[in-house]
Each structure stands twice: as C-alpha cells, then as structure tokens.
Amino acid sequence: MIHCDGLVKIYKSSDLEVVALQGLDLRVEDGELMAIIGSSGSGKSTLLNMLGGLDRPSAGKLFVDGKDMLTMSDRQLIRYKRESVGFVWQNNARNLIPYLTAQENIELPVLLKGRRKKARALELLEAVGLQHRRHNRLSELSGGEQQRVAIAIALANQPRLLLADEPTGSLDSKTASQVLDLFRRLNREMGLTIVIVTHDPQLARKVDRVVAIRDGRTSSEMIRTQTDADEEEISFNAQGQAEQA
Ligand code: ADP
Ligand code: MG
C-alpha cells in the first residue's frame with residue numbers, strides 16, 4: 001500500500017529552510033494497522049500529509065496504492081484525495097456542526113458525494129457503533145463519540161487507506177483506548193489499511209506494528225504480529241534495531 005524510499009521534505013520560506021524529512025524509508029502492507037510514533041517535531045504530520053496527498057515531497061520515492069506521489073498531476077492528486085484516502089485529525093470534531101445531529105453531520109458530506117445519503121449515513125453510523133446516538137445533536141455527544149462521527153465521515157468515500165494524525169490526542173486514556181479499538185475493528189472487518197500517528201506509546205501497543213520516527217527518519221522498527229493477550233517483549237539493540245525477546 002505504501003512504499004517510501006529516501007523521502008525528503010524541505011519547507012522553504014524566504015529566509016529559512018526546514019528539513020522535516022531527511023531520507024525516510026517505510027513500507028506498509030495492504031490491510032495493515034500500524035502506528036507511527038515520535039516526539040513533537042520529528043516529522044510525523046509531515047509524513048502523513050505526504051501520504052494523504054495534502055502536500056508534495058521534495059525528493060525521494062513515494063508510492064501509495066500504486067500511485068507515484070512525486071510525479072502525479074495536480075488533477076490526479078485531487079482525485080486521489082477524494083477517492084482513495086480518509087483523514088482523521090485530533091480536532092476533527094471542530095469541523096463538525098454542533099447543533100446538527102450525529103446523523104445529519106454524516107449526511108452532509110455523503111450528500112455532497114451524491115450518494116443515497118440516509119442509507120449511507122446509517123451504514124456509517126453502524127460501522128462506528130453510534131446508531132443509538134444518531135438523533136442526538138453533536139453538542140450532546142462525548143468527545144469520544146464526536147471523534148467516532150469524524151471517523152464515520154472519513155469512511156464516507158470508502159477509502160482504501162485511513163490516515164489518522166493524533167486521533168486520540170484530546171481524549172482521556174479510556175476513551176482513547178476505545179477509539180483505538182474501533183480502528184482495530186475497521187481494520188479487521190473492512191480490511192482497511194490504517195496508519196495512526198501518535199506520541200503515546202501505550203496506544204501504539206494496540207496495533208500490528210509500530211514505526212518510530214526521529215528527526216525525519218525511521219529510527220527503529222518494532223514488529224509485532226500478535227494480539228494484546230500475548231505480546232512479545234521488544235527491546236532495542238545498539239543500532240536501534242528492534243529485537244524480539
Ligand atoms: P510532528 O507532527 O512529528 O510534530 P511535523 O511534521 O509537524 O512534526 O514537523 C516537522 C518539522 O517541520 C518541524 O520542525 C516543524 O516545525 C516543521 N514544519 C512543519 N510544517 C511546516 C510548514 N508548513 N512550514 C515550515 N516548517 C514546517
Ligand atoms: Mg504532528
């Protein structure tokens with residue numbers, strides 16, 4: 001799904017250059033649920049924006065779902081964003097409309113996409129486990145429920161790839177854990193490839209694989225293929241490579 005080699009992103013302004021990514025390598029398989037961790041300023045959001053086609057890399061190779069993100073035309077890029085990818089942000093709920101119900105909030109983007117809005121909105125509400133709250137105004141929902149509405153909207157275009165930037169950043173740890181469980185269910189049931197950016201190592205334990213970014217590079221990789229119940233112990237060797245005990 002994602003194939004990235006020596007990816008470079010440099011932000012340029014008149015008097016300043018910021019090298020946000022300096023030769024980052026990453027592979028993500030189709031159907032994987034993975035997390036990217038790293039401290040603030042390490043380049044996580046920059047990477048996610050490149051993956052989602054919100055911004056273009058400066059150099060290197062980046063293929064997402066077979067598409068070359070460096071040479072793609074602007075038109076193809078717009079189409080890619082509209083059809084292939086869903087986005088969830090930390091403050092997504094801010095873009096929702098507080099005095100409309102959960103269902104109406106979902107119907108809006110569905111309507112814009114020209115689908116049968118009501119049936120589709122109900123499907124999406126069910127996918128995120130919010131059928132029972134559909135007639136509640138958004139302002140009556142908890143932070144976690146609002147984030148689930150945002151996730152439902154991100155799924156409206158039936159993306160193959162879901163990108164989430166600190167999706168639980170403003171939630172308490174129990175609610176955050178529930179939102180993570182939802183990602184996990186969507187991954188298992190719909191086969192959706194999901195990349196979650198987080199700085200919370202606890203949440204990162206809930207996914208199949210964790211990649212750490214440091215100073216715009218993938219610094220080490222932890223590979224887990226097992227469930228929460230019997231996780232393998234992970235340690236790092238001198239080169240920062242993950243080792244399984
Ligand atoms: P993270 O999400 O891991 O906190 P970011 O990807 O947001 O990190 O930022 C990586 C680096 O790039 C930081 O030094 C940040 O200040 C810089 N940066 C991010 N976006 C821009 C931008 N639009 N213009 C200039 N510099 C930026
Ligand atoms: Mg960020």
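Only strands (runs of 3 or more DSSP E) wholly contained in segment 22-101 count here; list those with 3 or more residues that are within 16 Å of ligand 2 (Cβ to nearest atom) and within 14 Å of the chain's Cα centre (by Cα).
Output list reads 33-37, 85-89.
What are the residues in segment 8-18 that are within 16 Å of ligand 2 (Cβ to nearest atom) and closer than 23 Å to Phe63 by Cα, if any? Selection gives Lys9, Tyr11.
In summary, Asp165 fulfils each of the numbered conditions (1) of a type in the set (D, E, K, R); (2) under 26 Å from Ile97 (Cα atoms); (3) surrounded by fewer than 16 Cβ atoms within 10 Å (Cβ to Cβ) with the single exception of condition (3). Please name all residue pairs, on different chains or six or more residues apart, with Cβ atoms under 9 Å, provided the first residue is in segment 28-41 and is over 20 Å from Leu192 (Cα atoms) and free of Cβ contacts under 8 Å to residues at least 60 places away in the same chain and the second residue is within 13 Å of ligand 2 (Cβ to nearest atom) and in a strand (DSSP E or B). From segment 28-41, the pairs are Gly41/Ala20. Sub-9 Å Cβ pairs linking a first residue in segment 172-184 that is over 17 Å from Arg209 (Cα atoms) and part of a helix (DSSP H, G or I) to a second residue that is aromatic (Phe, Trp, Tyr) and modelled with pLDDT under 90, at least 6 apart or interchain, number zero. Evaluate segment 108-115: report whether one residue or more is more than 24 Å from Tyr80 (Cβ to Cβ), part of a helix (DSSP H, G or I) and either away from ligand 1 (no atom under 16 Å from the Cβ) or of a type in the set (D, E, K, R) (or both). Looking through segment 108-115, none of the residues is more than 24 Å from Tyr80 (Cβ to Cβ), part of a helix (DSSP H, G or I) and either away from ligand 1 (no atom under 16 Å from the Cβ) or of a type in the set (D, E, K, R) (or both).
The values are calculated or read from the model by the stated rules, or taken from the named source; none is laboratory data. Everything numeric here is computed off the predicted structure, so don't read it as measured data. Neighbour counts are summed over all protein chains in view; Cβ atoms, including those assigned to glycine, are modelled from backbone coordinates with ideal geometry.
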